[in-house]
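Worksheet for the structure shown next.
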Amino acid sequence: MKLFGYWRSSATYRVRIALHLKELEFEYEPINLLKGEQNSDEYLKRNPQGLVPAFQSDEGAILTQSTAIIEYLEERYPENPLLPADASLRAKARAIAAVIACEAQPFMNLRIQTYLKKEGEFDAAMMQDWLDRWTGGAMRTVESLLCATDRAYCAGDRPGMADAFLIPQVFGAMRFGVDLSATPRIKEIFERCNAIAAFEKAHPQNQPDAIAA
Ligand SMILES: N[C@@H](CCC(=O)N[C@@H](CS)C(=O)NCC(=O)O)C(=O)O
């Protein structure tokens, strides 16, 4: 199987975490977003949206959308499950993943930020307000979901799908200076996950296309 992605893409980082938690071997093909490779004719055949990641299964199917890819991995390779056995905890894991994928990450996306700066004439202060309001707001929602329990991870006592969404989101939010001072549960889980080998292997800085910060 093969993952097409970019070292600093949070959606690609989610899939890397899922693959490493499942202990699956995969090839990695970098798509350089800053060079616009996501919009090349060759890549658009894999993902007509011009977004990373894309994923090629062992059977040759091309999959897109990190949530769909991770759900596919969970169904196709049930060992080392990413979703809890309990149905309400499974729903909680999916809810956290959905808040991040639908309501936090899209506001930080490269093409959205490019549009706001170029077409919307957003300056640095307006951009920071945008990110704090929308991305920060969604992360405060995640914090309140996490505060409802005192489990070690997002949805139970082992890391899984929701953690695979949360940790890249925190990485991205920190990069863009989103204020996370009011989210201690997120910080605690972030630190706990980052001490695990699967998360370490998936970290952007440990990818072959990483550019030294
Ligand atoms: N909902 C998509 C989001 C994918 C996405 O936003 N990818 C970003 C990187 S994290 C991207 O490819 N951006 C390229 C661009 O904006 O041109 C998923 O979960 O796969």
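Worth a mention:
- Taken together, VAL178, VAL170, VAL99 contain a single residue that is within 16 Å of the ligand (Cβ to nearest atom) and in contact with a Gly (Cβ under 6 Å, 6 or more places away or on another chain), which is VAL178.
- ARG90 being without any contact (Cβ under 8 Å) to a residue 24 or more places away in the chain and among the basic types (Lys, Arg): no
- When residues in segment 109-152 are screened for being within 17 Å of the chain's Cα centre (by Cα) and more than 28 Å from PRO84 (Cβ to Cβ), 6 of them pass.
- Test result for ASP123, acidic (Asp, Glu) and surrounded by 13 or more Cβ atoms within 10 Å (Cβ to Cβ): no
Yes/no matrix, rows are residues, columns are (1) under 28 Å from ALA173 (Cβ atoms); (2) surrounded by fewer than 16 Cβ atoms within 10 Å (Cβ to Cβ); (3) touching a Cys at 6+ places or on another chain (Cβ under 6 Å):
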{"site": "TYR6", "(1), (2), (3)": "yes, no, no"}
{"site": "GLU27", "(1), (2), (3)": "no, yes, no"}
{"site": "LYS35", "(1), (2), (3)": "yes, yes, no"}
{"site": "GLN49", "(1), (2), (3)": "yes, yes, no"}
{"site": "ILE62", "(1), (2), (3)": "no, yes, no"}
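- For segment 70-93, filtered to residues that are in a helix (DSSP H, G or I) and either surrounded by fewer than 18 Cβ atoms within 10 Å (Cβ to Cβ) or within 12 Å of the chain's Cα centre (by Cα) (or both), the residue that is nearest to the ligand (Cβ to nearest atom) is ILE70.
- Given (1) of a type in the set (A, V, I, L, M); (2) surrounded by fewer than 19 Cβ atoms within 10 Å (Cβ to Cβ); (3) at pLDDT 95 or above, number of the condition ALA148 does not satisfy: (3)
The values are calculated or read from the model by the stated rules, or taken from the named source; none is laboratory data. This is a predicted model, so every value here is computed, not measured. Methodologically, a virtual Cβ is constructed for each residue, glycine included, from the backbone with ideal geometry; neighbour enumeration extends over all protein chains shown.
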